[in-house]
Amino acid sequence: MIGQKERVHFLTGQLYRSVVGDESINNIVDDLIDTIGASVPPNESGPAHSTDLWSQRDVALITYGDSIVDEGSKPLRVLRDFCQTWLGNCVTWVHILPFFPWTSDDGFSVLDYSSVNQALGDWNDISDIATDYRLMADLVLNHCSSRSAWFENFKQGIDPGRDYFFTKEPSFDVSRVVRPRTSDLTMPVLTSWGEQQVWCTFSHDQVDFDFSNPAVLLEFTRIIRLYLDRGVRIFRLDAVAFTWKRSGTTCINLPEAHDLVRLLRALIEWVQPDAIIITETNVPNIENLAYFGQRDEAHCIYNFALPPLLIHTLVEADSSRITRWLMSMPPAILGTTYFNFLASHDGIGLRPVEGLLSEGELDSMIDQLQENGALLSWREHADGARTVYEVNVSLFNAFKKSDEAVDRTLDRMILAHAILLGLEGVPAIYLHSFVATNNDLSRVENTGHNRAINRHQWALDELTGLLNDAKSQHARCLKAIKQLIDMRQGQPAFHPNATQFTLNCGRSIFGFWRQSLDRAQSIFCIYNVTPISTTIAAASLNLVGSDSWRDLISGETVDLFSEDPSIELAPYQAVWLTNTMT
């Protein structure tokens, strides 16, 4: 079996040989190994592929460092206290969105990767959270702030930074470039050696790095080493699909982007075998799946198709599309799994459902979400045409129809999380979904950015007051989701790699079967996605007649020996039918 150093050498050569030639590869490898700190005796065979990196107990929290604030206290300390008080052991991973100094995009225009935003706290606060939970942090790879020290050095022609950024030559063919924004692709920048066209995939405050320069990779290796030392164990590779540019191509998902993921994983695993790599690639489903590689790229991939498909399912009361999609999804091979989520700091991306929902279905869903208060963000194609890139809305408002009581919205909200928590993979829940936060239109107005609609900042006193009111939507939502998590965490059949088969129960029912790795436990997950009661025949589930079947959620049993055994589901009811109780 190839050793870790040989693996790093091979991957480095694959990425850079055509750029720097064979003679320089050894020097680059030595610098990478020295920087990552692999001077200790390495695991020469590399970490084994297994399921030990996660279990059914794992649930991730997604949050900004200052999603909850309290005057006079560091937000990161407030976050830690909130997690301990209100979430406890129901979350095991905490993803703190970019906590560095930044200039725009709520953290994703990074000024300095080596420090913590003073408005949030310091590295000690980050490390404290890492003692309570497995800490997940963003490696913002593709770009940094146009006001960073590196970019200032680029403009002046001095190191470090002089050659860190991608500039477009006049001969570079951009006719096929795919990107998620409508702003100009390049920004003219006056430098000490003349005007340069700097590549900006996302905005003109987010200038793209040039990863064809090994010095850029070396800088990020230093950053990774720092994060490991501060307790980060899960790395979210932000926008990694855009990191390599080549003339005449789409400049997204290029082979070199995959090679970069492989190399970063090899370096991280060498010094931290239990670390986890998650790729953030908001692209069509088939392209997203490619980031598993041959179990040598991402440990986890964001399941980007799930949010729009599940919202479509509940908005339209029709499970046919999500059922068809789930049937087509390959099981994650041991050592990899899906990172499932319904909402995050970004909007509901629509690119992942290209080919999964028809144009008419997309238009219908978008119209309904706009009626529910959603805003739209657009992207521009190479030919100048514009299409909706994402829908911006809080998850609670996505399900909130103006002519319905809040109880019905909560029914859909809780059902959606029951689906999330049942699926193969590690579930991740946005803080604002836990507490049923409404759209924040004033924040949109103040910032001028549509995504701010789902980035509300709670005052601690206000939020805790609402959570202490058992009748509030916020308290009811949090309680219900926590109860579901508590049930999930005790069931081996909900292990992220436990077997999953999709059930075809008609448009009104979405369902799948999970079986534990030792095959001792089965759970049939059945969900009524409509506002009316429905019934499903027990015979259609192929329940083993010798077993006793009980719903984990309601506690009710199914009598398989009655004349016509069936399961009746109330509107938006979830059933987790198991043959063993743990």
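The values are calculated or read from the model by the stated rules, or taken from the named source; none is laboratory data. Just so it is clear, the structure is predicted and the values come from calculations on it, not from any experiment. For neighbour counting, all protein chains shown are included, and Cβ atoms are generated from backbone atoms with ideal geometry for every residue, glycine included.
Among the residues of the stretch 100-143, what is the count of those that are in a helix (DSSP H, G or I), at negative phi and small (G, A, S)?
Count: 2.
When the residues of the stretch 447-463 are filtered to those that are surrounded by fewer than 18 Cβ atoms within 10 Å (Cβ to Cβ) and either out of contact with any Asp or Glu (no Cβ under 9 Å at 6 or more places or on another chain) or at pLDDT 95 or above (or both), the one that is nearest to G65 (Cα to Cα) is Q457. W549 meets the conditions (1) at pLDDT 95 or above; (2) aromatic (F, W, Y); (3) out of contact with any Lys or Arg (no Cβ under 8 Å at 6 or more places or on another chain) in every case but one. The failed one is (1).
Restricting attention to the stretch 553-567, and to residues there that are touching a Ser or Thr at 6+ places or on another chain (Cβ under 8 Å) and closer than 23 Å to G506 by Cβ, which single residue is modelled with the highest pLDDT? Among those residues, the one meeting the criterion is I567.
To keep it simple, each residue is scored yes or no on (1) under 20 Å from the mean Cα position of the chain (by Cα); (2) at pLDDT 95 or above; (3) in a loop (DSSP other than H, G, I, E, B).
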| site | (1), (2), (3) |
| --- | --- |
| R236 | yes, yes, no |
| W244 | no, yes, yes |
| D259 | no, yes, no |
| I278 | yes, yes, no |
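For the stretch 1-23, the candidate set comprises residues that are free of Cβ contacts under 8 Å to residues at least 24 places away in the same chain and in a helix (DSSP H, G or I); within that set, the residue that is surrounded by the fewest Cβ atoms within 10 Å (Cβ to Cβ) is E23.
Can you find a residue in the stretch 334-350 that is among the aliphatic types (A, V, I, L, M), over 27 Å from V444 (Cα atoms) and surrounded by 21 or more Cβ atoms within 10 Å (Cβ to Cβ)? Scanning the stretch 334-350 turns up no residue that is among the aliphatic types (A, V, I, L, M), over 27 Å from V444 (Cα atoms) and surrounded by 21 or more Cβ atoms within 10 Å (Cβ to Cβ). Screening the candidates F172, F166 for the property of being out of contact with any helix residue (DSSP H, G or I) (no Cβ under 6 Å at 6 or more places or on another chain), surrounded by 19 or more Cβ atoms within 10 Å (Cβ to Cβ) and modelled with pLDDT of 95 or more yields one hit, F166. Applying the criterion of being in contact with a Lys or Arg (Cβ under 9 Å, 6 or more places away or on another chain) and part of a loop (DSSP other than H, G, I, E, B) to the residues of the stretch 188-210, the residue that is farthest from S109 (Cα to Cα) is S192.
Of the listed requirements (1) under 23 Å from S433 (Cα atoms); (2) in a strand (DSSP E or B); (3) of a type in the set (A, V, I, L, M), A480 misses just one: (2). Here D469 clears all of (1) assigned to a loop (DSSP other than H, G, I, E, B); (2) modelled with pLDDT of 95 or more; (3) crowded, with 17+ Cβ neighbours inside 10 Å except the condition numbered (3).
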